[in-house]
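K.L.:
Handing you a structure now.
Derivation of every value follows stated rules applied to the coordinates shown; laboratory data play no part. Not measured: the values here are computed from a predicted model. Methodologically, a virtual Cβ is constructed for each residue, glycine included, from the backbone with ideal geometry; neighbour enumeration extends over all protein chains shown.
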Amino acid sequence: MNDNSERKLSAWRPIDTNTFLFGVPHYPEHIEESWWQQDAERMVACGFNTVRMGEFAWHLFEPCEGVYDFSLFDRAIDVLANAGIKTILCTPTATPPRWLTAKYPEVLRVDKNGRQMSHGSRQHADTIHPLFREFSRRITRAMAEHYRDNPNVIGWQTDNELNTSMSESYSDAARAEFQSFCERKYRSIESLNAAWGGDFWATAYRGFDQVVLPLPNAPVHCSPGHVQDYHRFLAHTTMQFQRDQVEILRQTNADWFVFHNMGKLENVDFRNGFASDLDFVGYDVYPFLHEEKARIGGHAYMQASQLDLCRGYAGNFIVPEQQSGFGSQVDFSTLTPEPGEMRRMAFSSIAHGADGLMFFRWRPAHFGAEIYWMGIIDHDNIPRRRFEEAKQVGAEIHQVAEHTLGTTVRIDIGIASAEFDNDIAHKSYPIGFPSPHDDAILLHRACFQRGIAAGFVHPEDALERLKVFYVPHWLMWKDEWSERLEQFARAGGTVIIGARTGSRNTDNHVIRVPAPGETLTALTGVQVEEFGPLAAPDQEALMGRAPTPHGEFTTTARPTEASQRRYRFEFKGQELTAGHCYEILDPSSDVDVLARWSNRFLEGRAAITRRQVGAGQVLYVGTYLTDELAERLTDWVMANGKVEPLIPDLPQGIDVTLREKDGQKLLFVMNTECFEQRLDSVAAGVDLLTDNRVDGSLTLEGYGCAIIDMS
Ligand code: GAL
């Protein structure tokens, strides 16, 4: 077994490999066998060394219960192997076959309305169900044993985007498993009642067999403690479901690598075994999917921010699926990546930490629920521009991989993330405030636009590598994190703590001392005297704004006088309008006030403070970020936190990062716009993509990329 437990999760963890995995997810079961040889030859022309297969083919691997047939994939693996292409297989548990769901319908998920999921799409089975877990172990064992000695199978993906279509279940089996989970956690029902607040609305239990699932809106809301534990349970069972498979794969062949391809990240806690069980994580990149849904930024920024977020969990990753053409399902369709954009997106992925990349997908399907999800080859089997672009990327990747593998992405401004408990604590009772991520992204985007190396980092990670660490409103705070932040500040770092941080305990109760709690008060030198919600800058009313996963705000209130009140504060000579939340801060005598509230009843009270700590400083921001505040805070940090952009005076639409190791420095510069852009003040070096020397200025064509070796 590859024991990965010693490789601590870190945003700066490279993948332990000498090979850049480059290829495509491929579905030989979707196409005539007579086309396979030509496919393999064309893949070789693209420089592919790997394909990923099998994630939806359980019905072929096990056509009837206990009867296995691997012949189709054996042949497909051979054809590819003869061309020099290795295979990553997937456990096929996202799509259990019909014999299974027909004979054992109890394994189907049940949604919050009591509706049992049906056969016919995917992710319909309940990964919590003990019987489904047993079937998952059986098919994993059968596949692992069959491929144990096949040298062309090099690694495995567990399942496919776990929890992406649906991550919750309210089945009877889920309730029984939840009761056992609670009993293991609390041991006595009195402890559970205390943790969930059983004396509120008579929700106390007399025994664990009475414990219910926190059904949303039945008829109103459950206690935040109850909801928190339900999500911890979902994350725990997801980890267990995957762990079953990982253990079998590792015991069968210790040379295989194992990863998972992350999608929506619902109810997955990476720091609780899920990521450390794997060799590395994978992240599927579909930036166009989110573009039109994105509150801020276009698809280029979406890609950068999602990959930075992914890196915060477990370091460098592979991209097992990256959008190549337009994508669609029955109810939506994305825009089309333009010529050159597939390549630009590939280098952006590498720039943000990818050590392997696969374009989704080799060919589009002619049938099924995704007939218009385009691939490298078109439906008519004619290789066109995406094929030519894949060839170019392939040649270039093989040229630069030896330089990029082993390097990690520089982060000067770290933003606290990768904390499942805090994400759930927020969702369990948001008070209409933005989530930690929604807040964080404003600072991250301000940095992205200025070419500042920003990323997401957990407080237990190597903070000493940062210059600034921002904590975006983490309700649940551990005292040991305060010590780490203090050390970081003493050594010269800048810490910024957002409003409401530390105001709940791990049971999701509001704390009994002034926020931000004892250790953060000692660190920041402030206590919060009062807080309250405000409308977001672009909203008229407080009510009706933030839907929660456990029910929507149903009020259709008209803007009231109260909801239209705007509170302002003065920060560095500028008056800004606060959004989402105000706090009145009570600073101790060793604290400077950087911003004061400037109107209505808050006038004159502290809004942002700064305390000198050793060679560094700790700021407390008594409000949530808005675009404007994120900009001003970034200005302040650049002037006072020793932060410089990777390229000064960056034009809009340039994605820039630095991958580094020891003395080696690779500056990735991608033009995410379709028109030529010129950059001045670029560091000197050699562009690895062209071998041209860069000294001062750089002109990039539309979607052009450069990787400047500055060593
Ligand atoms: C991914 C999924 C693939 C495919 C793709 C395009 O999220 O893993 O199986 O569905 O989206 O929709």
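K.L.:
Under the rule a/c < 1.5 gives rounded, and otherwise a/b versus b/c splits prolate from oblate, where does the stretch 1-133 land using the Cα gyration tensor?
P.N.:
Note, shape of the stretch 1-133 comes out oblate.
K.L.:
Starting from the Cα of Asn692, step 7 Å along the direction of its Cβ; do the same at Arg141; then give the gap between the two resulting points in nm.
P.N.:
Label-label distance for Asn692 and Arg141, simple model: 6.0 nm.
K.L.:
Shifting gears a bit: Starting from the Cα of Glu190, step 7 Å along the direction of its Cβ; do the same at Asp111; then give the gap between the two resulting points in nm.
P.N.:
Spacing of the two 7 Å Cα→Cβ label points: 4.3 nm.
K.L.:
Now for a different question. Post the alpha-carbon centroid distance, the stretch 29-91 to the stretch 166-213, in whole angstrom.
P.N.:
45
K.L.:
Taking square-rooted eigenvalues a ≥ b ≥ c of the alpha carbon gyration tensor, is the chain rounded, prolate or oblate, where a/c under 1.5 means rounded and, failing that, a/b exceeding b/c means prolate?
P.N.:
oblate
K.L.:
Oh, and also: Given H placed 1.01 Å from N in the peptide plane, which residues other than close sequence neighbours of Val258 have an amide H under 5 Å from its amide H?
P.N.:
Sorted by chain and number, the residues that satisfy this are Trp156, Asp279, Phe280.
K.L.:
Compute the Cα gyration tensor for the stretch 579-711, then decide on rounded, prolate or oblate, letting a ≥ b ≥ c be the square roots of its eigenvalues: rounded whenever a/c is under 1.5, prolate when a/b is larger than b/c in the other cases, and oblate in all that remain.
P.N.:
prolate
K.L.:
Here is a further query. What full-extension length gain, to one decimal in nm, is calculated for Ala254 and Phe326 as 0.36 nm per residue of separation minus the Cα-Cα distance?
P.N.:
22.1 nm
K.L.:
Then there is this: Determine the percent antiparallel among the DSSP beta bridges restricted to the chain, to the nearest 5.
P.N.:
Close to 55 percent.
K.L.:
A further question on this structure: In straight Cα distance, which lysines are under 26 Å from Lys665, not counting same-chain residues fewer than 8 positions off?
P.N.:
Qualifying lysines at Cα under 26 Å: Lys8, Lys467, Lys642.
K.L.:
How much length, in nm to one decimal, is gained on full extension between Glu529 and Asp380, taken as 0.36 nm per residue of separation minus their Cα-Cα distance?
P.N.:
Stretched fully, the Glu529-Asp380 segment lengthens by 46.9 nm.
K.L.:
Another question, then. Return the sequence-ordered ³J(HN,Hα) values of the stretch 309-318 in whole Hz as given by the Karplus equation 6.51 cos²θ - 1.76 cosθ + 1.60 applied to θ = phi - 60°, using x for Gly and Pro.
P.N.:
5, 4, 4, x, 6, 8, x, 4, 8, 10
K.L.:
Another question, then. How big is the stretch 654-709 on each of its three principal axes, counting only the C-alpha atoms and giving the largest first in Å?
P.N.:
Principal-axis extents of the Cα atoms in the stretch 654-709, largest first: 35, 19, 18 Å.
K.L.:
Residue by residue, what Karplus-based ³J(HN,Hα) values in Hz, rounded to whole numbers, does the stretch 82-96 have, using 6.51, -1.76 and 1.60 with θ = phi - 60° and x for Gly and Pro?
P.N.:
3J(HN,Hα) across the stretch 82-96, in whole Hz: 4, 8, x, 10, 8, 10, 9, 9, 10, 6, x, 6, 6, 9, x.
K.L.:
Right, next: With only Lys, Arg, Asp and Glu charged, each at its Cβ (+1 for the first two, -1 for the last two), find how big the charge dipole of the chain is about the Cα centre; round to the nearest 20 debye.
P.N.:
Magnitude of the dipole: close to 920 debye.
K.L.:
Further, regarding this structure: Hey, can you grab everything whose amide H is under 5 Å from the amide H of Thr93? Only 5+ residues off in sequence or another chain; H modelled, so Pro and N-termini drop out.
P.N.:
Under 5 Å from the amide H of Thr93: Asp159.
K.L.:
In whole Hz, with x marking every Gly and Pro, tabulate ³J(HN,Hα) for the stretch 489-502 from phi via Karplus 6.51 cos²θ - 1.76 cosθ + 1.60, θ = phi - 60°.
P.N.:
Those phi angles translate into 5, 4, 7, x, x, 10, 10, 10, 10, x, 3, 6, 4, x Hz.
K.L.:
If you don't mind, there's one more thing I want to ask. Kirkwood-based Rg over Rh for the stretch 190-233 (C-alpha set), two decimals?
P.N.:
Taking Rh as the inverse mean 1/r over Cα pairs, Rg/Rh reads 0.92.
K.L.:
Next question, about the same structure. May I ask which residue of Pro287, Ala390, Thr506 lies farthest towards the positive end of the charge dipole of the chain, with charges of +1 (Lys, Arg) and -1 (Asp, Glu) on Cβ and the Cα centre as origin?
P.N.:
Most positive-ward Cα: Thr506.
K.L.:
Name the residues whose placed amide hydrogens come within less than 5 Å of the amide hydrogen of Val457, ignoring near sequence neighbours (fewer than 5 apart) on the same chain.
P.N.:
Residues meeting the amide H criterion: Ile415, Ala416, Ser417.
K.L.:
Next question. Return the loop-located GluC sites (Glu not before Pro) in the stretch 280-389 (DSSP other than H, G, I, E, B) with at most 16 other Cβ atoms within 10 Å of their own Cβ; answer none if there are none.
P.N.:
Of the GluC sites (Glu not before Pro), the ones in loops of the stretch 280-389 whose Cβ has at most 16 other Cβ atoms within 10 Å are Glu292, Glu370.
K.L.:
While we're looking at this one, here's another question. Can you find, among Ser482, Val110, Trp373, the residue sitting farthest towards the positive end of the charge dipole of the chain, where Lys and Arg contribute +1 and Asp and Glu -1 at Cβ?
P.N.:
Ser482
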